[in-house]
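Right, one structure below, let's go through it.
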Amino acid sequence: MKLLELKDKVWRAWKLFNDASGVITQEVTFVQDMKRFGDRRYKATWIKALA
């Protein structure tokens, strides 16, 4: 899977989970949450976020 496709899947999953929890989805909070998984330049970080 290409990195751009993986990023899109992570965004959709994150948005789905937040919507189900009643949390307002914002790109700023997404970036902050992604930083917890590591450097966003690496594919391994996005795989961790999706899992």
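Counting heavy atoms of the protein chains only and a 1.4 Å probe, report the per residue accessible area for segment 5-51 as a whole number of Å².
On the way: 3560 Å² over 47 residues.
Accessible area per residue: 76 Å².
How much accessible area does Lys2 have with a 1.4 Å probe, in Å² rounded to the nearest 10?
Its heavy atoms expose roughly 150 Å² to the probe.
What spacing in nm lies between the two simple spin-label points modelled at Lys43 and Asp19, each 7 Å away from Cα in the Cβ direction?
So the two model labels end up 2.8 nm from each other.
Just the ratio, please: alpha-carbon radius of gyration of the chain over 2.2 N^0.38 Å, N its number of residues.
Details: Rg = 10.6 Å, N = 51, 2.2 N^0.38 = 9.8 Å.
Against the empirical 2.2 N^0.38 Å value, I get 1.08 for the chain.
The values are calculated or read from the model by the stated rules, or taken from the named source; none is laboratory data. Keep in mind that what you see is a predicted model, and the values were worked out from it rather than measured. Neighbour counts are summed over all protein chains in view; Cβ atoms, including those assigned to glycine, are modelled from backbone coordinates with ideal geometry. Heavy atoms of the whole protein, side chains included, go into the accessibility calculation; ligands, DNA and RNA do not. Shrake-Rupley method; radii C 1.70, N 1.55, O 1.52, S 1.80 Å.
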